[in-house]
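The values are calculated or read from the model by the stated rules, or taken from the named source; none is laboratory data. The shown structure was predicted, so the numbers you read here are calculated from the model rather than taken from an experiment. Using ideal geometry, Cβ is built from the backbone for each residue, glycine included, and neighbour counts are taken over all protein chains shown. SASA here: full protein model, heavy atoms, side chains in, ligands and nucleic acids out. Shrake-Rupley method; radii C 1.70, N 1.55, O 1.52, S 1.80 Å.
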Amino acid sequence: MNKRVLLVIGGGIAAYKSLELIRRLKETGADVRVVMTKAAQHFVTPLAAGALVGERVFTDLFDQAQEFDVGHIRLARECDLIVVTPATADLMAKMANGLADDLASAVLLATDKPILLAPAMNPHMWANAATQRNLEVLRADGRAFVGPNEGEMAERGERGFGRMAEPEEIRDACLALLSDGPLKGKKAIVTAGPTVEALDPVRFLSNRSSGKQGYAIASALAQLGANVTLVSGPTALATPAGVKVKRIESARDMLSACEDALPADVAVMVAAVADWRPSKTAKKKIKKGDAASAVELTENPDILATLSKLTKKRPALVIGFAAETDNVEANARVKIAKKGCDWIVANDVSGDVMGGNDNQVMLITRDAAQSWPRMSKDLVAQKLASEIAEALKGKATRRK
Ligand code: C5P
């Protein structure tokens, strides 16, 4: 792979894994350039990183020689991807607020290239409201994330979320973002997980969807080079590498997040959208004595049908999911006609598919049907992503 990666090493103990990442990236044939923050140099030396990349490492915004030689603007532009390892709480805060008082943050502000962050910090710093706010801002700015993972911390006896993703995972996330795959330049919208429909500030109607299949599809599409927006209800899953996530709760918010993400070439609606919502959401907690014997419900918008029936911005390919227990193909054909979508992926949910890691599906298009053997949700996602790539081949890409 003949791509240029700019690696920004931040100041945290996980910086040592950045050296391993340089090796893993170079093995793919990528050209790697390194910028280190001042704090990073307490953990690894520019000499070590420089020896691995085979050229000088850039550290200083105000060094006349370095600025004259390459300069922060060229560093920001002469690459295909910037990856930040570790993305410390401090670097995330600076990026979220557009600060640029050192070389690393100036490069990150000046670039127009994709940025991948691999956060690493103490679990308390990660959980801190300020860090979580910055995370949301960065996600909304389209920054990609890999990790953090859950596990043992450098501090003795500490465990939790905050461990940096392993170098191989970060390399794979880089490859997904750099991919010249068959979906490069194509835009995808994927919905996943349950929706949550509030009854009052503490109670809601929802379902047990885990989001696993939808997240796997978003990830598989990104691996083939698509620009993916995942609109997700609450799940316990980590954001897939190279995917933009919009987190929502209600069906109505899911629909507007999908509409905001248009235009797109393909929409894959995997979410288990609640068919109804409480007609009224009480502003205050409903008291035991006040509870009516029945909750009045209103039908939610059908997101799949709405996107399928758009006249101007309809994605070239709209795919729905269907959970069926019998007459799978016949019922799916009825659903294609009713919703106006192009394909239905029909799950046979008579077994242990819900919440599990395996799935058994039929792919039903307007004029054909394939029955796939039982396989992991990841494999279903990869197979579906290649079918999508095949179907979009030669189709004009949607522009604004
Ligand atoms: O009608 P049914 O719920 O069986 O259809 C399932 C398909 O429709 C799934 O793709 C699901 O994501 C989508 N759907 C939707 N909005 C709804 C209900 C279902 O997008 N309100």
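Brief remarks on what is shown
- Which listed residue, of Gly289, Gly340, Gly356, Gly320, is open to solvent by 50 Å² or more (accessible area, probe 1.4 Å) and either touching a residue at least 24 places away in the same chain (Cβ under 8 Å) or more than 10 Å from the ligand (Cβ to nearest atom) (or both): Gly289
- Members of the stretch 83-122 found to be part of a helix (DSSP H, G or I) and over 21 Å from the mean Cα position of the chain (by Cα), listed by number: Asp90, Lys94, Asn97, Leu103, Ala104, Ser105, Ala106, Val107, Leu109, Ala110
- Scanning the stretch 56-69 for residues that are surrounded by 14 or more Cβ atoms within 10 Å (Cβ to Cβ) and not aromatic (Phe, Trp, Tyr) returns Arg56, Val57, Thr59, Asp60, Leu61, Gln66, Glu67.
- Restricting the stretch 343-353 to residues that are within 13 Å of the ligand (Cβ to nearest atom) and not aromatic (Phe, Trp, Tyr) leaves a set whose member that is nearest to the chain's Cα centre (by Cα) is Val345.
- Candidate set: the stretch 126-143, residues that are in a helix (DSSP H, G or I) and among the polar types (S, T, N, Q); chosen: the one nearest to Lys113 (Cα to Cα): Asn134
- Only listed residue being modelled with pLDDT of 95 or more and touching an Asp or Glu at 6+ places or on another chain (Cβ under 7 Å), chosen from Val107, Val196, Val146: Val196
- Asn327 vs. criteria touching a residue at least 60 places away in the same chain (Cβ under 8 Å), assigned by TED's automatic domain parsing to the domain that holds Lys383, more than 13 Å from the ligand (Cβ to nearest atom) and open to solvent by 40 Å² or more (accessible area, probe 1.4 Å): no
- Leading residue by the ranking (farthest from the ligand (Cβ to nearest atom)) among those in the stretch 258-273 that are open to solvent by less than 30 Å² (accessible area, probe 1.4 Å) and under 16 Å from Gly214 (Cα atoms): Val266
- Sole exception among (1) within 8 Å of the ligand (Cβ to nearest atom); (2) open to solvent by less than 50 Å² (accessible area, probe 1.4 Å) for Ala282, by number: (1)
- Per the listing Asp69, Asp60, Asp112, the residue uniquely in contact with a helix residue (DSSP H, G or I) (Cβ under 6 Å, 6 or more places away or on another chain) and at pLDDT below 95 is Asp60.
- Within the stretch 142-197, the set of residues being open to solvent by 40 Å² or more (accessible area, probe 1.4 Å) and in contact with a Pro (Cβ under 6 Å, 6 or more places away or on another chain) comprises Phe161, Arg163, Leu177.
- Residue in the stretch 296-306 that is of a type in the set (S, T, N, Q), without any contact (Cβ under 8 Å) to a residue 40 or more places away in the chain and more than 8 Å from the ligand (Cβ to nearest atom) present: yes
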